[in-house]
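So the structure is just underneath, and the comments pick up after that.
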Amino acid sequence: MKTLLTTADVASYLSLNPKVVTEKARSGEIPAHKKIGRWYFFKEELDEWLKADADSALQEAAHAKRSKTCRAEKRSASTSGKAAMGGTTHSQHQTDNAYAKLLGLKTNSTRVN
């Protein structure tokens, strides 16, 4: 059988002000049921809600840890990619001249800054 709690019970259980509990119930932030103008809560639903919230916090922490690792791996891969290309980068001017040469267009051999 499910344990029914009042707003005051939930406030004590969650260490919150009863007005905060009512606002969270009204907004749907916590599982609640309203009957005859009063809010009621099932302890089992609150426990599941708390557990799900804790699980999502753990998942977020694990994701953040993986993201840091992924960024480091991406950075390492992009660095190794440059090394594979000879470790140089090309300016827009060099790239434009290379395309022009491939297309057989005349290029200005002197660079103007």
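The values are calculated or read from the model by the stated rules, or taken from the named source; none is laboratory data. The shown structure was predicted, so the numbers you read here are calculated from the model rather than taken from an experiment. Don't worry about glycine lacking a Cβ; one is built from the backbone with ideal geometry, like all the others, and counts go over all protein chains shown.
Cβ-Cβ contacts under 7 Å between residues 6 or more apart (or on different chains), taken from a first residue in region 1-27 that is hydrophobic (A, V, I, L, M, F, W, C) to a second residue that is exposed (fewer than 14 other Cβ atoms within 10 Å of the Cβ), are listed as Ala11/Asn17.
Among the residues making up region 21-52, those that are surrounded by fewer than 12 Cβ atoms within 10 Å (Cβ to Cβ) and more than 19 Å from Lys2 (Cα to Cα) are Ser27, Gly28, Ile36, Gly37.
The set of residues in region 1-20 being over 11 Å from Lys43 (Cα atoms) and over 34 Å from the mean Cα position of the chain (by Cα) consists of Ala8 alone.
Might you check whether a residue that is at pLDDT below 75 and over 30 Å from Glu23 (Cα atoms) occurs anywhere in region 49-57? No; the residues of region 49-57 include none that is at pLDDT below 75 and over 30 Å from Glu23 (Cα atoms).
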